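A.B. asks: Below is the structure I would like to discuss, written out as structure tokens.
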Amino acid sequence: MYRYDEFDSDFVRDRVKRFRRQIERRISGALTEDEFKPLRLQNGLYLQLHAYMLRVAVPYGTLNGRQMRQLAMIADRWDRGYGHFTTRQNIQFNWPKLRDTADILDALADVEMHAIQTSGNCIRNVTADHFAGAAADEIEDPRPTAELLRQWSTNHPEFAFLPRKFKIAVTGSPNDRAVTKAHDIGLRMVRDGDGAPGYEVIIGGGLGRTPMVGKVIRPFLAKQELLAYIEAILRVYNLYGRRDNKYKARIKILVHETGLDKIRAEVEQEFSTIVRSTAGSALPDLQEIARIESYFAPPAFENTDGDVVDIVGAGDKEFLAWTRHNLAEHKQPGYTIVTVSLKAIGAIPGDASSDQMRVMADLAERYGHDEIRISHEQNVVLPHVRKRDLPAIFAELKRVDLATANIGLISDIIACPGMDYCSLATARSIPIAQDIARHFADSTYAETIGEMKIKISGCINACGHHHVAHIGILGLDRKGVENYQITLGGDHTENFAIGERAGPGFSAEEVVPAIERLIQAYLELREGPDETFLTAYRRLGQEPFKQALFPNIQPARAA
Amino acid sequence: MARTSLQIVSANDLLDGDTVYWGTDGGWTRTLDSAVVVDKGTAADALLEAASVDQSLVVGPHVFAVDMVNGKPVPIHIRETLRCRRVPSVRPDLA
Ligand code: SF4
């Protein structure tokens, strides 16, 4: 994985030093909150409902054992023994004290981590496919691209005050696990006619108040043209993006209001100007790309083979269920990708205790070439594991309640922190996720239902990605009481779709019965066990599902 | 939601972010029962102004609506109900 050079390291330390002084000045009264707030946000420190929250960047979701262990140490020493992994592949600490935050940032810097650009109207932490470098379907590892973008965007003076925050996601596989069409810029690795890898560039996607599907602005961009092209997009956005209205300031609105063709023409023109005016020096030279790529070289895989079942025999049903659901195909024979579920039945999606973090760190070091990934679905991935080590890994995970065999099933729910933590929330998300997971706890029932993605957001900002869920749940405030709106048919993959609202909202108690009715309708309507909920929904349309949700709907209550 | 005309002033503590209320002794308190309860309108505006003079100890002073139940203030809106619990509803073990 990428190692900071001296410049990176000095830069991060210097930022911590400055922030330490700013904290002291806030506490002494020399700075008002209005003066201090932008400074703390630039260092990832938010104020939530009950306490401060520190958002720590996990660039493209990649960590090693030492870093994970340090997160556990921070959780124990300065927080309350746990952390929360987010849909942005970051980790949030929920209870840091103001005075301690500089020490926490120093402890992060010790393991080459920081909280920079996790807030504010800048280019945020670049996200990537969590199976990067391991997936069998991959064209190229997307992380060198993400790292190049990280280095280029870190403290970029021209783009520190954009009209609004800016999020970039990269996938190296045709199977889009990075939700590229819901980002300001999405990059999908593709090959040109000669087989050379490059990018399909997508812009203007986003969730939130106004969900938009990203549009292809450039079907193929050569690798070395990347920075100049991204810079051109950012310049056009910086110039024309609206600054008068927060809700209209994202690039998705600019693209929508101006039209893709016009934006494309502007971007292409800016791109040629950049290339011409810098005589090509704005392009990273190939040597630099190769240098970064060398940090992401695949680990030394051994020549091994063996099927999981061969290794353990047919004995352990629980283990076999876990291998059915929590493994993904690795590009190296004999290896597999393990997804560790942070969704034990009734647990808080994305939360991990310090003990659990330490176990995952140990397993990565012992069995996984010291690599860990955080997925946007709030799980943890061990990307390079020998199949024959699976029984040992499973046993260890089970010891700390991390062996739930539910990846991709109905209880593998994304839930944002919602009103249990977040000051922007209009309703709670976590208890709804817990109720649903408990209701569908029976593994045979969950397996019968098959692939199902439920995603819950506690407000219209959509951090819980509810728009792209098969069943999306949005928590709203109806006169001071929580109310939940259901959307159907969303999809975060390469077949990207934004879910459609199914009708009026439900009270918290009504949500689980409503989901149960939806599932029953699906089971009755599907053509067979191979037809997933999403496929059935696409075939049948919303009507039968709407009827299941609102069996006694009165005309007056209709949406 | 019940109608009410009563409000109290609340904020987050500067050092740890915990919920605090403007108390009857003219300073910030962590006990809801010790909060000053006033009528919405002029009285609440004045109280908020008084509480906001010195913001060196807290962040984000604001008013919220309460009902009086058995002589004690009870928040009406779910957001303030949750804030007053000091810990997330899903982690009562942290209280
Ligand atoms: S969706 Fe809303 S409630 Fe949930 S974390 Fe984002 S801002 Fe907070």
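A.B. asks: If I filter region A:350-370 down to residues being open to solvent by 10 Å² or more (accessible area, probe 1.4 Å) and in a loop (DSSP other than H, G, I, E, B), which single residue comes out as nearest to the other protein chains (Cβ to nearest Cβ)?
C.D. replies: Residue satisfying both the conditions and the ranking: A:370.
A.B. asks: Also: If a residue has to be buried (at least 22 other Cβ atoms within 10 Å of the Cβ) and away from chain B (no Cβ under 14 Å) to count, how many in region A:87-103 make the cut?
C.D. replies: Looking only at that region, the number is 4.
A.B. asks: Among the residues of region B:45-95, which ones are within 30 Å of residue A:416 (Cα to Cα), part of a strand (DSSP E or B) and within 14 Å of another protein chain (Cβ to nearest Cβ)?
C.D. replies: Residues satisfying the conditions are B:58, B:59, B:60, B:61, B:62, B:64, B:65, B:66, B:74, B:75.
A.B. asks: Kindly list the number of the only condition in (1) more than 14 Å from every other protein chain (Cβ to nearest Cβ); (2) in contact with a Phe, Trp or Tyr (Cβ under 8 Å, 6 or more places away or on another chain); (3) under 19 Å from residue B:85 (Cβ atoms); (4) open to solvent by less than 40 Å² (accessible area, probe 1.4 Å) that fails for residue B:23.
C.D. replies: Just one mismatch for residue B:23, condition (2).
A.B. asks: Quick check on my filter: what residues within region A:460-479 are more than 16 Å from the ligand (Cβ to nearest atom) and touching an Asp or Glu at 6+ places or on another chain (Cβ under 9 Å)?
C.D. replies: A:470
A.B. asks: State all residues of region A:466-479 that are open to solvent by 10 Å² or more (accessible area, probe 1.4 Å) and of a type outside the set (A, V, I, L, M, F, W, C); if no residue qualifies, say none.
C.D. replies: If the condition is that a residue be open to solvent by 10 Å² or more (accessible area, probe 1.4 Å) and of a type outside the set (A, V, I, L, M, F, W, C), then A:467, A:477, A:478, A:479 are the ones that fit.
A.B. asks: Confirm whether residue B:28 is away from chain A (no Cβ under 14 Å) and under 27 Å from residue A:102 (Cβ atoms). Step through it out loud before you land on a result.
C.D. replies: On the way: away from chain A (no Cβ under 14 Å): yes; under 27 Å from residue A:102 (Cβ atoms): yes.
So residue B:28 passes the test.
A.B. asks: If you check A:195, A:204, A:186, which single one turns out to be out of contact with any Pro (no Cβ under 9 Å at 6 or more places or on another chain) and modelled with pLDDT under 95?
C.D. replies: The match here is A:195.
A.B. asks: Now for a separate question. Every residue in region A:1-54 that is in a helix (DSSP H, G or I), within 14 Å of chain B (Cβ to nearest Cβ) and surrounded by 13 or more Cβ atoms within 10 Å (Cβ to Cβ), please.
C.D. replies: A:22, A:23, A:24, A:25, A:26, A:27, A:33, A:36, A:37, A:39, A:40, A:41
A.B. asks: When you check residue B:94 against the structure, is it over 15 Å from the mean Cα position of the chain (by Cα), among the hydrophobic types (A, V, I, L, M, F, W, C) and modelled with pLDDT of 95 or more, yes or no?
C.D. replies: Judged against the criteria, residue B:94 is a match.
A.B. asks: Could you tell me which residue of region A:430-465 is farthest from residue A:343 (Cα to Cα), considering only residues that are within 10 Å of chain B (Cβ to nearest Cβ) and open to solvent by less than 10 Å² (accessible area, probe 1.4 Å)?
C.D. replies: So in region A:430-465, the residues within 10 Å of chain B (Cβ to nearest Cβ) come out as A:430-431, A:433-434.
If we keep only those that are open to solvent by less than 10 Å² (accessible area, probe 1.4 Å) too, we end up with A:430, A:433.
On the way: A:430: 11, A:433: 10 Å.
Among residues in region A:430-465 that are within 10 Å of chain B (Cβ to nearest Cβ) and open to solvent by less than 10 Å² (accessible area, probe 1.4 Å), the one farthest from residue A:343 (Cα to Cα) is A:430.
A.B. asks: Quick one: would you say residue A:113 is open to solvent by 10 Å² or more (accessible area, probe 1.4 Å), over 23 Å from residue B:79 (Cα atoms) and of a type in the set (A, V, I, L, M)?
C.D. replies: Criteria not met by residue A:113.
A.B. asks: Right, something else. If I go through region A:494-517 residue by residue, how many of them are in contact (Cβ under 8 Å) with a residue 12 or more places away in the chain and either in the same structural domain as residue A:171 (by TED's automatic domain parsing) or more than 22 Å from residue A:427 (Cα to Cα) (or both)?
C.D. replies: The qualifying residues number 4.
Residues checked against (1) modelled with pLDDT of 95 or more; (2) within 25 Å of residue A:237 (Cβ to Cβ); (3) charged (D, E, K, R):
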{"site": "A:100", "(1), (2), (3)": "yes, no, yes"}
{"site": "A:108", "(1), (2), (3)": "yes, no, no"}
{"site": "A:112", "(1), (2), (3)": "no, no, yes"}
{"site": "A:116", "(1), (2), (3)": "no, yes, no"}
{"site": "A:122", "(1), (2), (3)": "no, yes, no"}
{"site": "A:126", "(1), (2), (3)": "no, yes, no"}
{"site": "A:129", "(1), (2), (3)": "yes, yes, yes"}
{"site": "A:135", "(1), (2), (3)": "yes, no, no"}
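A.B. asks: Going residue by residue through region A:400-420, is there one that turns out to be part of a helix (DSSP H, G or I), surrounded by fewer than 24 Cβ atoms within 10 Å (Cβ to Cβ) and either over 21 Å from the mean Cα position of the chain (by Cα) or modelled with pLDDT under 95 (or both)?
C.D. replies: Within region A:400-420 (the criterion being part of a helix (DSSP H, G or I), surrounded by fewer than 24 Cβ atoms within 10 Å (Cβ to Cβ) and either over 21 Å from the mean Cα position of the chain (by Cα) or modelled with pLDDT under 95 (or both)), the answer is no, since none of the residues qualifies.
A.B. asks: Just to check your reading of the model, which residue among A:131, A:166 is in contact with a strand residue (DSSP E or B) (Cβ under 7 Å, 6 or more places away or on another chain) and either within 22 Å of residue A:380 (Cβ to Cβ) or among the charged types (D, E, K, R) (or both)? Before you say what the answer is, go through the steps one by one.
C.D. replies: Working: A:166 fails: either within 22 Å of residue A:380 (Cβ to Cβ) or among the charged types (D, E, K, R) (or both).
When all the criteria are applied, what remains is A:131.
A.B. asks: A further question follows. Does residue A:457 meet the test of being under 20 Å from residue B:78 (Cβ atoms) and either small (Gly, Ala, Ser) or within 14 Å of the ligand (Cβ to nearest atom) (or both)?
C.D. replies: Here the answer is yes, as residue A:457 does meet what is asked.
Results for (1) within 14 Å of chain B (Cβ to nearest Cβ); (2) surrounded by fewer than 17 Cβ atoms within 10 Å (Cβ to Cβ), shown as yes or no for each residue.
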{"position": "A:484", "(1), (2)": "yes, no"}
{"position": "A:490", "(1), (2)": "no, no"}
{"position": "A:497", "(1), (2)": "no, no"}
{"position": "A:502", "(1), (2)": "no, no"}
{"position": "A:507", "(1), (2)": "yes, yes"}
{"position": "A:519", "(1), (2)": "no, no"}
{"position": "A:523", "(1), (2)": "no, yes"}
{"position": "A:529", "(1), (2)": "no, yes"}
{"position": "A:532", "(1), (2)": "no, no"}
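A.B. asks: Looking at region A:402-438, which of the residues that are touching a Phe, Trp or Tyr at 6+ places or on another chain (Cβ under 9 Å) and within 11 Å of residue A:456 (Cα to Cα) is farthest from the ligand (Cβ to nearest atom)?
C.D. replies: Among them, the one singled out is A:432.
A.B. asks: Can you name the number of the only condition in (1) free of Cβ contacts under 8 Å to residues at least 12 places away in the same chain; (2) under 29 Å from residue A:375 (Cβ atoms) that residue A:448 fails?
C.D. replies: (1)
A.B. asks: Kindly evaluate residue A:185 against the criterion of being within 18 Å of residue A:274 (Cβ to Cβ) and assigned by TED's automatic domain parsing to the domain that holds residue A:251.
C.D. replies: Considered against the rule, which asks whether it is within 18 Å of residue A:274 (Cβ to Cβ) and assigned by TED's automatic domain parsing to the domain that holds residue A:251, residue A:185 comes out as yes.
A.B. asks: Starting from residues that are of a type in the set (Val, Ile, Thr) and within 14 Å of chain A (Cβ to nearest Cβ), keep the ones in region B:4-20 and report whichever is farthest from residue B:79 (Cα to Cα).
C.D. replies: Of the residues in region B:4-20, the ones of a type in the set (Val, Ile, Thr) are B:4, B:8-9, B:19-20.
Those still in the list that are within 14 Å of chain A (Cβ to nearest Cβ) too: B:4, B:19-20.
Values: B:4: 16, B:19: 12, B:20: 15 Å.
Among those residues, the one meeting the criterion is B:4.
The values are calculated or read from the model by the stated rules, or taken from the named source; none is laboratory data. For clarity, every value in this text was computed on a predicted model and none was experimentally measured. A quick note on method: Cβ atoms are made from the backbone with ideal geometry, for glycine too, and the neighbour counts reach across all protein chains shown. Remember, those area values only see protein heavy atoms, side chains included, never the ligands or the DNA or RNA. Shrake-Rupley method; radii C 1.70, N 1.55, O 1.52, S 1.80 Å.
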